[in-house]
Every structure is written in structure tokens, then in C-alpha cells.
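Computed from the coordinates by the stated procedures, all read-outs in this text should not be read as laboratory data. Everything quoted here is computed from the prediction, not taken from an experiment. We place every Cβ from the backbone using ideal geometry, glycine too, and count neighbours over all the protein chains shown.
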Amino acid sequence: MEKELTEDAIFDLILGLWRNLGLNTEREMKGGDEEVAAPAGPTQPLDWKFSQVFGERIAGEEIQEVDIISAIEFDKTGDHLATGDRGGRVVLFERTDAKDHGLSRRDLERTDYPISRHLEFRYKTEFQSHEPEFDYLKSLEIEEKINKIRWCQTANSALFLLSTNDKTIKFWKVQEKKIKKISKIIADPSKAVGNGNVASSSNSNSPKPFLANGVSPDRSCNHLGNDISFPPGGLRSLCLPVVTSQETNLVARCRRVYGHAHDYHINSISNNSDGETFISADDLRINLWNLEISNQSFNIVDLKPANMEDLTEVITSAEFHPAHCNMLAYSSSKGSIRLIDLRQSALCDSHAKLFEEPEAPDSRSFFTEIIASISDIKFAKDGRYILSRDYMTLKLWDINMDSGPVATFQVHEYLRPKLCDLYENDSIFDKFECCLSGNGLRVATGSYSNLFRVFGCAPGSTEATTLEASKNPMRRQVQTPSRPSRSLNSITRVVRQETLGVDANGNSLDFTTKLLHLAWHPTENLIACVAANSLYMYYA
């Protein structure tokens with residue numbers, strides 16, 4: 001009985017704290033001994049609205065290849081966002097909130113101007129991360145394009161992040177530095193002492209005169225040499241530097257370079273939860289690095305066969321478990337996901353669990369393996385689920401159930417009759433990324449015509465929203481969840497006719513404008529997505 005009373009008292013205390021903080025608990029307590037009931041029914045679809053755009057493209061404007069964004073990532077706090085482009089640049093954005101007004105919360109509540117209720121970001125800084133290189137041994141050009149960006153743990157208000165191109169990973173530190181502006185001021189000869197002006201000693205009873213150069217006339221200067229002579233008025237006064245102002249600038253400095261460890265193109269990097277190590281993956285190998293050691297890595301996964309003709313699959317993506325530092329997952333071109341435990345062996349040839357969906361024998365075709373290849377995987381925030389993206393679908397996997405996905409979301413099913421055309425123009429090899437919301441209730445991924453889709457993955461949810469990366473995201477809203485509806489947009493987009501296809505609803509489809517990269521804010525319903533050189537943000 002005493003234990004029950006203690007638990008009730010603790011619960012009442014927590015509930016009181018929540019109420020004092022103004023939080024909506026969304027559940028009420030009916031009596032002291034009754035349990036708290038969870039909300040019933042599926043979650044309601046979110047109403048997405050345009051928030052911001054950076055680098056908006058003007059109608060008819062030509063896009064430079066180097067300006068196309070190729071990577072995007074929020075940090076764990078959601079206060080910073082990083083993007084990388086094909087020109088090797090990394091651009092950082094920071095969250096703006098009420099602190100920018102310089103007023104307290106109470107003062108802001110009294111002001112007349114409205115306070116934005118959704119998150120907004122502003123440009124922070126940018127730096128050149130990678131430069132184009134040439135491998136003379138292999139006669140191979142190495143592009144400067146940023147493939148992935150990953151944030152590391154912050155320390156002393158400095159930001160740390162990893163960026164990689166096809167071959168080289170770099171560890172960056174971004175920190176505010178105070179830059180002093182100096183001006184030279186000549187001191188007043190009548191007031192300064194010891195800087196080349198006449199002065200007298202206050203400690204002596206009989207003041208001794210000094211020359212302008214600080215030498216007593218009684219002192220012999222023979223040791224200076226016969227060639228040195230002083231003018232009658234002494235030397236001119238020294239110019240003393242004086243700090244006039246201090247400016248704070250952000251400075252990015254490359255702390256370490258991790259190179260010469262991959263024979264093939266790097267497709268993934270992922271930080272470990274221990275804050276000390278990270279992995280990098282290419283087509284055939286996964287290496288484990290220590291952040292402090294740049295000249296040595298450990299190969300933990302190796303799919304390269306003795307004879308390359310026996311190669312049947314390649315690694316497409318890899319990511320550490322968000323909580324367990326000994327676990328990581330990687331996907332393959334065969335549509336499988338392997339969960340491995342680093343405690344089993346130094347070289348993880350065998351997997352702890354294998355996640356794959358068996359294909360129906362009668363549905364196999366020439367394109368089966370191509371469209372089954374997984375382009376991206378992401379762990380949910382709690383590490384319980386893995387989200388995977390292949391060409392046709394999004395799949396949600398429970399790491400405790402390897403018999404099949406717990407949910408499958410059709411993204412490109414309407415393109416199945418057009419696989420031959422997609423193969424001819426290489427669109428079938430496009431690698432779309434995926435992301436999960438911080439609460440794990442929704443998933444999102446990109447598509448063609450600068451569209452992206454948001455699905456609800458809570459039990460019983462039928463949410464399936466299609467949005468366009470523009471200032472009016474809902475203008476291409478879907479009528480039926482499985483058939484995205486699109487309207488012709490010839491005003492703001494210049495497209496050649498041969499690149500247009502038609503979906504199942506008879507609407508236009510543009511294979512040249514594709515939304516490959518997007519990220520979900522870790523704590524809020526805010527999605528940042530990339531359309532060529534433009535960064536769009538939407539909130540709900």
C-alpha cells in the first residue's frame with residue numbers, strides 16, 4: 001500500500017509540473033486509482049504550409065551544375081541545418097526564434113507585432129569543403145560533389161560536422177572568432193613615458209633628465225658603437241596599436257582528413273552514439289573510424305569476392321543504430337537490409353538479422369532487381385524501426401520482426417507500366433532518400449516533378465499527402481492516396497516535351513525535375529527538401 005501511495009504521489013507531482021509548464025498532456029486522470037487512457041484512433045492528416053525558400057529559382061533561369069544541392073541534414077537539436085552541393089560547398093543555416101528580438105517572453109507577449117509560431121531558419125555561413133582532384137594512379141577524376149553530411153557532437157559552442165565526396169571525408173569545426181580592428185595612434189610626447197618621450201623619475205629625490213630615447217645623459221653609450229648617433233631632439237614617438245572595434249565572424253576549419261581508405265565511391269557516413277567513432281561505406285566495404293585518428297581505419301564489412309565475376313550485390317546505404325553503439329544496419333542492391341553486431345567478430349561477415357521481402361515468382365522481370373535496390377535507410381529516433389526506400393515503395397521494418405515489413409507505402413506504383421522508358425532515360429537508377437518524423441508517426445520521401453509524399457505510419461492511419469516543392473505546396477494534392485494527381489505547370493518550368501510522361505490519371509510527369517533529398521526536423525513537424533538549387537521548408 002505504501003508503494004502505491006508513493007507512485008501516486010510521484011505521478012501527481014509530474015502532472016503538476018506539466019501543467020505549470022503549460023503543456024497539453026492530451027490525457028486526463030479520472031480518479032486516483034484509474035489508469036491513464038491513450039488517445040484512441042489514428043492521427044489526423046497534417047495541414048502542410050509553405051514556410052521558407054532559399055535560392056528560389058526564377059522562371060527561365062538556368063541552373064548551374066555546381067549549385068545543385070546534393071546533401072541535407074538537421075543536427076540532433078534541430079537548431080542547425082546543413083546542405084552540401086555539387087560544387088563542394090557546405091552551407092549552414094540556424095534556427096531563428098524570439099531571442100532575435102532581444103526581449104523577454106513577457107515583453108514579447110505585450111508587443112503588437114505577431115510572433116511566428118512555426119520554426120524559421122536563416123543563413124549562417126558557408127565554406128568550401130572539397131575541391132576537384134585527380135587520381136593519377138587510376139587516371140580518375142574525383143568530383144568535389146558533397147555526397148553526405150553528418151553532424152557531430154557540439155563542444156564549447158562550436159559546431160562539428162563530417163562531409164564527404166566520393167573518396168575523402170573531412171571533419172570540420174565551425175566556431176565564432178572575434179576579429180580585432182587595429183588603428184595606430186601616436187602617443188602625446190608630453191604625457192607618455194618610456195616610449196621615446198622626455199620624462200622624469202618620480203622615485204628619485206634628485207630628478208634625472210632622460211633623453212628622448214630613454215637613455216640617461218650620464219650613462220656611457222660606447223657599447224652601442226661609434227656609428228650610432230641620436231638627433232638632438234631624440235627619436236620620434238613610437239606608434240602604439242589601439243583596438244578600435246571587435247567583430248565576431250564564423251570561421252570553418254578542417255580538423256582532420258580521412259582519405260585513401262575506399263576504392264569505390266563513398267555512399268554513406270554515419271556517426272556512432274558513443275560520440276567517438278563513425279563509419280563510411282562504399283559499394284563493397286564499410287570502414288570504422290575514430291574521429292581522433294585520420295590515418296587508420298578498420299574494415300568491418302567486406303563484400304568483395306575473390307573473383308569480381310561472382311559479385312551479386314553491392315552496399316547502397318549504411319547507418320549506425322541511434323542508441324546501441326555496437327549495432328549498425330546496411331542495405332544492398334538486392335533489396336535486403338542486414339543488421340550486424342560489432343561484438344560478434346572483428347570482420348562482420350555474418351549478420352545478426354536479415355530483413356527482406358520475398359518476391360512473388362510470377363512477378364519477376366528484367367527490372368525486378370533494379371527496382372528492388374534500396375537507395376536509402378533511416379533508423380527511427382528510438383531505434384525500433386528502420387525505414388527503407390526502393391524505387392517503387394517505402395517500407396517500414398521492425399527490427400524485432402524479420403519476416404517482412406510492418407508497412408509498405410506505394411510511391412511509384414503508377415510508373416510500373418513505364419519501366420522500359422525509365423530504363424532508357426536512366427531515371428530508374430535515381431536514388432531517392434527517405435526520412436521519419438521525430439515522433440515516428442509519419443514518413444516522407446521524394447518523387448518526380450519536384451513532388452514529395454508524406455505517409456502516416458500509425459496503426460489505422462490512411463494519411464497519404466502529396467506536396468510540391470513550391471510556394472503553393474498543396475496545388476497538386478492527391479484525390480486518392482495511391483494515385484498522385486498532378487497538374488500541368490508550363491509557366492514556372494521550362495521542359496522539353498520528350499522528357500514528359502503521363503501518369504495513371506493522365507497528368508503530366510517530369511523526369512528531369514526530381515526531389516531526391518529531404519530531411520525531417522527532429523522535434524517539430526517541419527520538412528526541408530531540395531529542388532535543384534533551391535531549399536524549401538514546410539511546416540504543419
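Extension gain, N299 to T512, is 72.9 nm, computed as 0.36 nm per intervening residue step minus the present C-alpha separation.
Annotation: extensible slack from Q246 through D426 equals 59.4 nm (criterion: 0.36 nm per residue apart, minus Cα-Cα distance). Taking 0.36 nm per residue of separation and subtracting the current Cα-Cα distance, fully stretching the chain between K49 and Q344 would add 101.5 nm. Mind running the shape call on the range 285-327? Use the C-alpha gyration tensor, a ≥ b ≥ c as the square roots of the eigenvalues: rounded below 1.5 for a/c, prolate if a/b tops b/c, oblate otherwise. The shape class here is oblate.
If R0 is taken as 25 Å, the Cβ-Cβ distance between R255 and H324 corresponds to a FRET efficiency of 0.40. I need the calculated FRET efficiency for the pair Q128 and K180, taking r as the beta carbon distance and R₀ as 25 Å, to the nearest 0.05. FRET efficiency, Q128 to K180: 0.50.
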